[in-house]
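Working notes for the structure below.
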Amino acid sequence: MMKMFSFWRSIASFRVRMALNLKGVVPDELVDIDLLKGKQREDSFRAINPQMVIPALIIDNGPVMYQSMAIMEYLEETHPKPPLLPSDPRGRARVRGLSQICVSDAHPMSVPRVRNYLLNDLKLPNDTMLAWVKHWQNEALRALETHLARDKETGRYCHGDSVTIADICLVGQAVGSSFFEVGLQPYPTVKRIVDACMQVEAIAKSHPLKQPGAPASISH
Ligand SMILES: N[C@@H](CCC(=O)N[C@@H](CS)C(=O)NCC(=O)O)C(=O)O
């Protein structure tokens, strides 16, 4: 019995949704935590994930799983087919490195709690807050473009010709950036790979704007 706490707009939930769909794993229950209404901060969810962020996953009433990278690695270990990590340690290190640029460095600069802190506690004007978010998304995309354009390991996807966790994270990065009107034009290799990923049905159908409750389009 798999229960997933997520929300259409959440990029971290999107990452796990892509991994689940690529592996053909369907959660038995989806629980919407409406980030736009601040539901992640309510006591009922805080009891599940003290960090008050999604996604969170409960399998067979076991202890809650949190952090999209940890959840994706768990899925990789429990559902090895199709593999989402290369078989060699150096390849895995590269895939995890590319992933962490998105997950550890760029995405946290754009999440609601960080934006709210900039606006409400540090009293930054909205435009300044948005400039901060865009700056960090562009920094990450620039680094990703440089790696992907110059590394011989890059193929149709981030690492060779099959989808890995790096592609999941790159697609999440690209879609998340688009919510803040940061486009991929300056990053042609990133764009090429994201476009290739979007041809993969399991990825395309995971898109935030294709989930129940999502609007037709969005910007911050
Ligand atoms: N590093 C975490 C990020 C989790 C996270 O920040 N999730 C966002 C949605 S994408 C969230 O729930 N934010 C709530 C908030 O910032 O208040 C992961 O990859 O799971």
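With the Cα gyration tensor of segment 89-209 giving a ≥ b ≥ c as the square roots of its eigenvalues, does the rule (a/c under 1.5 for rounded; else a/b larger than b/c for prolate; else oblate) give rounded, prolate or oblate? Since a/c reaches 1.5 and a/b is larger than b/c, the shape of segment 89-209 is classed as prolate. A cysteine counts as unpartnered when no other cysteine's C-beta lies under 4.7 Å of its own; in the chain this applies to 158, 197. The simple Förster model, with R0 at 22 Å and r as the Cβ-Cβ distance, assigns residue 64 and residue 34 a FRET efficiency of 0.70.
Compute the signed sum of charges (Lys and Arg +1, Asp and Glu -1) over the other residues within less than 14 Å, Cβ to Cβ, of residue 118. My count for the surroundings of residue 118 gives +2. Using a probe of 1.4 angstrom and keeping all protein chains present, the accessible surface of the chain works out to 49 square angstrom per residue.
Looking at the chain, the DSSP beta bridges with both ends there are about 55 percent antiparallel. Computed from the C-beta positions of residue 93 and residue 142, the FRET efficiency with R₀ = 25 Å rounds to 0.75. Backbone phi angles across segment 156-169, fed through the Karplus curve with coefficients 6.51, -1.76 and 1.60 (θ = phi - 60°), yield HN-Hα couplings of 4, 10, 4, 9, x, 10, 10, 5, 10, 4, 4, 5, 4, 5 Hz in residue order; Gly and Pro are listed as x.
Using only the Cα atoms of the chain, build the gyration tensor, take square roots of its eigenvalues as a ≥ b ≥ c, and label the shape rounded, prolate or oblate: rounded if a/c is under 1.5, else prolate if a/b is larger than b/c, else oblate. Judged from the Cα gyration tensor, the chain comes out oblate (a/c at least 1.5, b/c at or above a/b).
Legend: calculated FRET efficiency, residue 26 to residue 195, from the Cβ-Cβ distance at R0 = 35 Å, rounded to 0.05, equals 0.85. A DSSP coil position with no more than 12 other Cβ atoms inside 10 Å describes none of the trypsin sites (Lys or Arg not before Pro) in segment 1-70. State the Cα centre-to-centre distance between segment 71-135 and segment 24-44 in whole Å. Cα centroid of segment 71-135 versus Cα centroid of segment 24-44: 19 Å apart.
When shorter helices are ignored and each DSSP H run of at least 4 residues is given -39500 (n - 2.57), the per-residue value for the chain at 222 nm works out to -13500 deg cm²/dmol. Among the trypsin sites (Lys or Arg not before Pro) in segment 61-124, those placed in a DSSP loop whose Cβ has at most 12 other Cβ atoms within 10 Å are 123. Taking θ as phi - 60°, what are the ³J(HN,Hα) couplings along segment 48-57 by the Karplus curve (6.51, -1.76, 1.60), each to the nearest whole Hz, with x for Gly and Pro? After applying 6.51 cos²θ - 1.76 cosθ + 1.60, I find 7, 10, x, 6, 6, 9, 10, x, 9, 9 Hz.
Put simply, the amide H of residue 214, placed in the peptide plane, has no neighbours under 5 Å, leaving out anything fewer than 5 places away on its chain. Between the C-alpha center of segment 136-150 and that of segment 155-220 there is a gap of 14 Å. The fraction of accessible area contributed by carbon and sulfur in segment 120-220 is 53 percent, rounded to a whole number (1.4 Å probe; ligands and nucleic acids excluded). Under 5 Å from the amide H of residue 163 lies no amide H of any residue 5 or more positions distant or on a separate chain, with H modelled from the backbone and absent for Pro and chain starts. Taking all Cα pairs closer than 8 Å and separated by 6 or more residues, the relative contact order of the chain comes to 24 percent. Measure up 3/134; 134/210; 37/81 against 26 Å on the Cα-Cα distance and list the ones that go over. Table pairs above 26 Å Cα-Cα are 3/134; 37/81. 3J(HN,Hα) couplings calculated from phi for segment 66-78 with the Karplus curve 6.51 cos²θ - 1.76 cosθ + 1.60 (θ = phi - 60°) are, in sequence order, 9, 6, 4, 5, 5, 5, 5, 5, 4, 4, 4, 6, 8 Hz; Gly and Pro show x.
Does segment 173-220 classify as rounded, prolate or oblate by the C-alpha gyration tensor (a ≥ b ≥ c root eigenvalues; a/c under 1.5 gives rounded; else a/b over b/c gives prolate, otherwise oblate)? Here segment 173-220 falls in the oblate category.
The values are calculated or read from the model by the stated rules, or taken from the named source; none is laboratory data. Remember, it's a predicted structure, so these values are computed and weren't measured experimentally. Note that we place each Cβ from the backbone using ideal geometry, even for glycine, and neighbour counts take in every protein chain shown. These area figures cover heavy atoms from the full protein model, side chains too; ligands, DNA and RNA do not enter into them. Shrake-Rupley method; radii C 1.70, N 1.55, O 1.52, S 1.80 Å.
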